[in-house]
Amino acid sequence: MTTKNFQQIPGIEFLLSEANSDVALGNEPATAAVDAALLDEYSRAVVSAVERVAPSVVNIEVQQRSKKQSRDIAGNGSGFVITPDGFILTNSHVVHGATRIGVNLSDGRDYRGQLIGDDPETDLAVIRIDAPQLVHVRLADSESLRVGQVAIAIGNPLGFQASVTAGVISALGRSMYSQSGRLIDNIIQTDAALNPGNSGGPLVDSAGEVIGVNTAMIRPAQGICFAIASNTARLVAGWLIRDGRIRRSYIGVAGQNVPLHRRVVRFYNLPLETGVLVVSVEKASPAERAGLREGDLIVAFNERPIGTIHDLHKILVGDQIGVPAKLVVIRHAEKLVLPILPAESTPPA
């Protein structure tokens, strides 16, 4: 652990008149009582949230085939029950490539887990156990989150089962790369402490609803941890339960979010003031065949406005594979409509 020496902070002089000092001193017991009441309310909120969610949190023990060794290696992570019939949400990196999955419930019961679906591109996976009387959680709407609200992490860090840490939401809308190299959007940053083994566990609000799936931390830092937003988790879990995997289409471009010139927005009456700048075009891809070029600005796909890369990712799902579409781009100051045929992306191994 790295520590830093901080210079001593000079004394702070409170600018109170003599009369105000007497009043302030006289109010100390009342202020202390108010502070105690607020602290107690905070404690009750955290305790209530933990009591609602903790019974649904599980410890996941896996055996995974090592690429460098000929034997299996053991690992563990966290997860939480999302349906009463045994579906459990966790991280892909917890169960990806597992030859055996064991699930330990909070009440001490042990079950063999079955991998239902795994999506390394969002670092989410669903497993299932055949067990009765399961307590499940509710996924909150992550779009309604606010920076500064209470965030509670529950999991099994370093094998310490059912550990609870609390903090706040430090930032919203972060992006991070999954192990497959795909950018995951709408990441929640929190200072609720996470450690190895917390992966796949729930990040919970004060109402006891899951707002994210704990997934990563920055080791050298203190209090910089990340969770996948619950709205992303809900969408991915639904696809995995239904199909066992997520089929995605792709057009073969690398891009970045950029603001559009106001004159262009007004002239073409565009609904959004941002678009996706094409940084590169993959060879022999649908984008290259459609005539897309570096420097083009993607502003719509099949008449649906595109303001960010995330907007494009949300549209390019399995339903778009092999379906003719129209890509609207701004090239220099000219608006073009390019016919394009999205292809199926190859899932990572």
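Quick notes on this one:
- Look at (1) at pLDDT 90 or above; (2) touching a strand residue (DSSP E or B) at 6+ places or on another chain (Cβ under 9 Å) and you find that Pro132 fails only one, number (2).
- If you filter segment 184-204 down to residues that are assigned to a strand (DSSP E or B) and buried (at least 23 other Cβ atoms within 10 Å of the Cβ), you find that the one that is nearest to the chain's Cα centre (by Cα) is Ile188.
- All positions within segment 73-92 that are surrounded by 15 or more Cβ atoms within 10 Å (Cβ to Cβ) and more than 14 Å from Gly155 (Cα to Cα): Gly75, Ile82, Thr83, Gly86, Phe87, Ser92
- Residue match in segment 247-257 (condition: surrounded by 20 or more Cβ atoms within 10 Å (Cβ to Cβ), within 30 Å of Ala151 (Cα to Cα) and of a type outside the set (A, V, I, L, M)): no
- Among the criteria (1) under 19 Å from Asp141 (Cβ atoms); (2) in a strand (DSSP E or B), the one Val236 does not fulfil is (2).
- Asp243 vs. criteria within 19 Å of Ile315 (Cα to Cα) and of a type in the set (Asp, Glu): yes
- Note on segment 94-111: residues that are in contact with a strand residue (DSSP E or B) (Cβ under 8 Å, 6 or more places away or on another chain), surrounded by fewer than 23 Cβ atoms within 10 Å (Cβ to Cβ) and not in a strand (DSSP E or B) amount to 4.
- Residue check for Arg234: of a type in the set (D, E, K, R), touching a strand residue (DSSP E or B) at 6+ places or on another chain (Cβ under 8 Å), open to solvent by 40 Å² or more (accessible area, probe 1.4 Å) and more than 30 Å from Lys283 (Cα to Cα): yes
- Filter result (part of a helix (DSSP H, G or I) and under 20 Å from the mean Cα position of the chain (by Cα)) within segment 55-67: Ser56
Residue-wise test of (1) of a type in the set (A, V, I, L, M); (2) at pLDDT 90 or above; (3) in contact with a Pro (Cβ under 7 Å, 6 or more places away or on another chain); (4) under 26 Å from Thr308 (Cβ atoms).
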| site | (1), (2), (3), (4) |
| --- | --- |
| Gly159 | no, no, no, no |
| Val168 | yes, yes, no, yes |
| Gly173 | no, no, no, yes |
| Ser206 | no, yes, no, no |
| Gly212 | no, yes, no, yes |
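- Qualifying residues in segment 205-231 (those that are of a type in the set (A, V, I, L, M) and touching a strand residue (DSSP E or B) at 6+ places or on another chain (Cβ under 6 Å)) - the one most open to solvent (accessible area, probe 1.4 Å): Met217
- Qualifying residue in segment 296-313 (condition: closer than 15 Å to Ile251 by Cβ and over 29 Å from the mean Cα position of the chain (by Cα)): yes
- Test for Ala237: is it of a type in the set (Gly, Ala, Ser) and out of contact with any helix residue (DSSP H, G or I) (no Cβ under 9 Å at 6 or more places or on another chain): yes
- Per-region count, segment 245-286, residues hydroxyl-bearing (Ser, Thr, Tyr), over 25 Å from the mean Cα position of the chain (by Cα) and farther than 16 Å from Val299 by Cα: 2
- Residue that is least open to solvent (accessible area, probe 1.4 Å), among those in segment 314-349 that are charged (D, E, K, R) and within 26 Å of the chain's Cα centre (by Cα): Glu344
- Of the residues making up segment 117-133, those that are buried (at least 20 other Cβ atoms within 10 Å of the Cβ) and either of a type in the set (A, V, I, L, M) or assigned to a strand (DSSP E or B) (or both) are Gly117, Asp118, Asp119, Leu124, Ala125, Val126, Ile127, Arg128, Ile129.
- Single unsatisfied condition, Glu294 versus (1) farther than 21 Å from Gly173 by Cβ; (2) open to solvent by less than 40 Å² (accessible area, probe 1.4 Å): (2)
- Qualifying residue in segment 145-164 (condition: of a type in the set (D, E, K, R) and open to solvent by less than 40 Å² (accessible area, probe 1.4 Å)): no
The values are calculated or read from the model by the stated rules, or taken from the named source; none is laboratory data. Since the structure is predicted, the reported quantities are computational estimates derived from the model, not experimental observations. Positions of Cβ are backbone-derived with ideal geometry, glycine not excepted, and every protein chain shown enters the neighbour counts. To get the accessible areas, we keep the full protein, side chains included, count just its heavy atoms, and leave off ligands, DNA and RNA. Shrake-Rupley method; radii C 1.70, N 1.55, O 1.52, S 1.80 Å.
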